[in-house]
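Please treat every number below as a calculation from the coordinates, not as lab data. The structure presented is a predicted model; accordingly, all values stated were derived computationally and were not measured. Virtual Cβ from ideal backbone geometry, glycine too; neighbours counted across all protein chains shown.
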Amino acid sequence: MDPIATLETGFGYWNPLAWLIAFVVAGIIAWVIWSAGEKGYRKGTEQVKPFLSGNAEPAKGDVHLRAGNLYWGFTEALSGYYERIVPLHSGILNDYLLWYLGVTALLLVAVIGMGI
């Protein structure tokens, strides 16, 4: 049996030599692109800081968006739903497992009931 033989499948072929050649060619192309890059880059200098149009970078806490602000419109539109659902969430894993088993049992009863 030839170790470099082409493996025929129902959806095409797989030839290890063809894949090896493809990876080598892709590596050469990546190396050429990388070597054409900027040569003056130095780690640990001002070059690594983000460019903010000449402004100093603010503290992380000053630019952090909280989820409450980000999804305000979504939560405000569904506030009636959340008022009913939030009290049901206790944070206890056993409660969630009980809800999961209960809903699964109801769906199973509904599927079996419709099938008969």
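Here are the numbers:
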read-out: Highest to lowest packing among 109-115, 24-30, scored as the average C-beta count within 10 Å; value: 24-30, 109-115
read-out: Extension gain (nm, one decimal) between GLU38 and VAL86, 0.36 nm per residue minus Cα-Cα; value: 11.9 nm
read-out: All lysines inside 26 Å of LYS60 as judged from Cα atoms, apart from same-chain residues fewer than 8 positions distant; value: LYS43, LYS49
read-out: The chain - mean residue ellipticity at 222 nm from DSSP helices (-39,500 (n - 2.57) per run, n ≥ 4, rounded to 500); value: -16500 deg cm²/dmol
read-out: Radius of gyration and maximum dimension Dmax of the chain, Cα, Å; value: 29.3, 75
read-out: Length released on extending from HIS64 to ALA22, taking residue separation times 0.36 nm less the Cα-Cα span; value: 10.8 nm
